[in-house]
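The values are calculated or read from the model by the stated rules, or taken from the named source; none is laboratory data. It should be emphasised that the depicted structure is a prediction, and the values quoted were computed from it without experimental measurement. Note: ideal-geometry Cβ built from the backbone for every residue, glycine included; neighbour counts use all protein chains shown. What goes into the accessible areas is simple: the full protein's heavy atoms, side chains included, and nothing from ligands, DNA or RNA. Shrake-Rupley method; radii C 1.70, N 1.55, O 1.52, S 1.80 Å.
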Amino acid sequence: MYQDRLAWDTLMEKISEVVIRYLNAQVQSGVQALQLFDSWVGCLSPSDYEEYVFPYSKKVMDGVADKVPMIHFATSSAMLLKCMKRAGGDIIGLDWRVDLKEAWARVGYDVAIQGNLDPVILLGPIDLIEKEVKRILNSAEGRPGHIFNLGHGILPNTPVDHVVALVEAVHRYSSKSFS
């Protein structure tokens, strides 16, 4: 990226085109939502994101021909959220390293937010899982557009009964006001 800008841009152009074709094929096959998931972009500074990644993320987001909800997610992206929103997405995904309230205020309430439970919490006791569900739902303050989710993928050794407890807690608490 730094040492050979031409190679970087050529690679990113090719990747963008392939991803656009793939996402459009997914839409044509009937998907109802798409997610652009970038696990490494959080390693960049905001200025490097703007220069090296933003144009390609935007190209991909703009390249989906038929309108379906688009989720834009990246890990360790707290400082990139405004840039990611400008790149596109109806929903901005959050990992667990950013406060949900602060992130939503930063990107604006005109987009939905997805996230942001730390997947490691699912390795803890069920009462901790329930506590964290309440905390995140309280942070969403009942706003429409919050999609409860992990802040990254589920870990391989996560007990299935903890996942079930999580889903049950989200269902139980998302329809209630609580403190």
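Average accessible surface for region 81-169: 47 Å² per residue, computed with a 1.4 Å probe over protein heavy atoms with every protein chain in place.
When only DSSP loop residues count, what trypsin sites (Lys or Arg not before Pro) in region 5-69 have their Cβ near at most 16 other Cβ atoms within 10 Å?
Values: sites: R5, K14, R21, K58, K59, K67; in loops: K67.
Listed in order of number, the matching sites are K67.
Round to a whole angstrom and tell me the spacing of the C-alpha centers of region 13-31 and region 107-179. Region 13-31 and region 107-179 have Cα centres spaced 30 Å from each other.
Computed in the context of the full set of protein chains, the accessible area of the chain at 1.4 Å probe radius has 57% of its extent on carbon or sulfur. So for region 136-179, considering every pair of alpha-carbon atoms, how many percent are separated by more than 11 Å? Roughly 71 percent, rounded to a whole number. All Cα-Cα separations within region 28-72 were binned at 10 Å from zero, giving a P(r) of 24, 48, 22, 5, each value a whole percent of the pairs. In loop segments of region 1-36 as defined by DSSP, the chymotrypsin sites (Phe, Trp or Tyr not before Pro) with at most 10 further C-beta atoms inside 10 Å of their C-beta are Y2. The structure-derived value of log10 I(q)/I(0) by the Debye sum over Cα atoms at q = 0.10, 0.18 Å⁻¹ appears in the list (i) -0.59, -1.17; (ii) -0.35, -1.11; (iii) -0.44, -1.18 under the label (iii). Per residue, the average separation of C-alpha pairs within less than 8 Å and at least 6 apart gives region 1-145 a relative contact order of 18 percent.
When each of the peptides 42-51, 106-115 is scored by how many other beta carbons lie within 10 Å of its residues on average, the order from highest to lowest is 106-115, 42-51. Of the residues N149, L100, L166, the one whose Cα sits farthest towards the positive end of the charge dipole of region 100-168 is L100 (charges of +1 on Lys and Arg Cβ, -1 on Asp and Glu Cβ, taken about the Cα centre).
Charged side chains reduced to their Cβ positions (Lys and Arg at +1, Asp and Glu at -1) give region 1-114 a dipole of some 180 debye around its Cα centre.
Packing around the peptides 24-31, 71-78, taken as the average count of other Cβ atoms within 10 Å per residue, puts them in this order, highest first: 71-78, 24-31.
Would you calculate a helix-derived [θ] at 222 nm for the chain, using -39,500 (n - 2.57) for each DSSP H run of n ≥ 4 and dividing by the full residue count, to the nearest 500?
Details: 6 runs with 78 residues, N = 179.
Rounded to the nearest 500, it is -14000 deg cm²/dmol.
Accessible surface area normalised per residue over region 7-50 is 63 Å², counting heavy atoms of protein chains with a 1.4 Å rolling probe. Summarising the amide proton neighbourhood of D38: residues at separation of 5 or more, or on other chains, whose placed amide H is nearer than 5 Å comprise F73, A74, T75.
Charge dipole of region 60-179 (Cα centre as origin; +1 on each Lys and Arg Cβ, -1 on each Asp and Glu Cβ, all else neutral): 320 debye, rounded to the nearest 20.
Using the Cβ of L44 as centre and a radius below 12 Å, the other residues enclosed give a net charge of -4, where K and R count +1 and D and E count -1.
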